[in-house]
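Heads up, the thing below is written out as structure tokens.
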Amino acid sequence: MTPELHRPVPADRIGPEGFDVLVEATPAELAALALRMRIPAVESLRCAFHLVRLTAATILAEGRLQAHVVQTCVVSLEDFPADIDEAFRVRFVPAGQESDDPDPEADDEIGYAGGMLDLGEAAAEQLALTLDPYPRAPGAELPELDAEAAAHPFAALRRH
């Protein structure tokens with residue numbers, strides 16, 4: 001299955017000086033990404049990559065993801081806009097050779113096959129990682145709890 005944002009780049013295009021690639025999503029891709037991310041909208045997505053070969057098969061990608069999204073506030077349930085501007089590093093390794101290293105400081109690894117890196121999917125994965133799982137609109141605050149209800153967790157049931 002082809003991912004929502006597909007930008008294949010042949011690994012052999014990465015020379016000794018590295019290789020720069022810019023990925024920008026089309027309106028149709030933005031709509032598909034919003035569905036995948038389960039958010040109201042992805043209004044723009046731009047991801048700049050600088051690729052450098054570390055070994056014959058391992059490629060370091062340093063990137064910058066910029067996106068404008070619409071998320072739903074977990075407090076008010078209202079939609080609100082959010083901007084993302086995130087620098088990241090990932091390593092592309094041959095599929096099946098990903099590390100099992102649990103070190104959270106280690107670069108994330110993305111497997112690739114057939115000599116093709118999918119920078120679109122890498123950008124989509126970075127978007128997923130940077131989205132706030134509990135988005136809160138600016139100024140949204142939880143309602144104050146009734147002191148009596150807070151003291152007695154089942155007090156609300158008594159009223160019914």
- request: Being in a strand (DSSP E or B), surrounded by 13 or more Cβ atoms within 10 Å (Cβ to Cβ) and free of Cβ contacts under 8 Å to residues at least 60 places away in the same chain is the filter; apply it to the range 88-110 and report the residue that is farthest from the chain's Cα centre (by Cα).
  value: Pro94
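Residue-by-condition table, conditions (1) within 30 Å of Leu142 (Cα to Cα); (2) at pLDDT below 95; (3) surrounded by fewer than 15 Cβ atoms within 10 Å (Cβ to Cβ):
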{"site": "Pro16", "(1), (2), (3)": "no, yes, yes"}
{"site": "Ala28", "(1), (2), (3)": "no, no, yes"}
{"site": "Phe49", "(1), (2), (3)": "no, no, no"}
{"site": "Ala61", "(1), (2), (3)": "no, no, no"}
{"site": "Asp83", "(1), (2), (3)": "yes, no, yes"}
{"site": "Glu86", "(1), (2), (3)": "yes, no, yes"}
statement: Within the range 131-140, of all residues that are surrounded by 14 or more Cβ atoms within 10 Å (Cβ to Cβ) and more than 16 Å from Leu35 (Cα to Cα), the one farthest from the chain's Cα centre (by Cα) is Ala140
- prompt: Any chance the range 64-84 includes a residue that's more than 15 Å from the chain's Cα centre (by Cα), assigned to a strand (DSSP E or B) and closer than 15 Å to Ala123 by Cα?
  reply: no
message: I'd like the full set of residues that are buried (at least 20 other Cβ atoms within 10 Å of the Cβ) and assigned to a helix (DSSP H, G or I), limited to the range 30-47.
response: Leu30, Leu33
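The values are calculated or read from the model by the stated rules, or taken from the named source; none is laboratory data. Just so it is clear, the model here is predicted, and its values are computed rather than measured. Methodologically, a virtual Cβ is constructed for each residue, glycine included, from the backbone with ideal geometry; neighbour enumeration extends over all protein chains shown.
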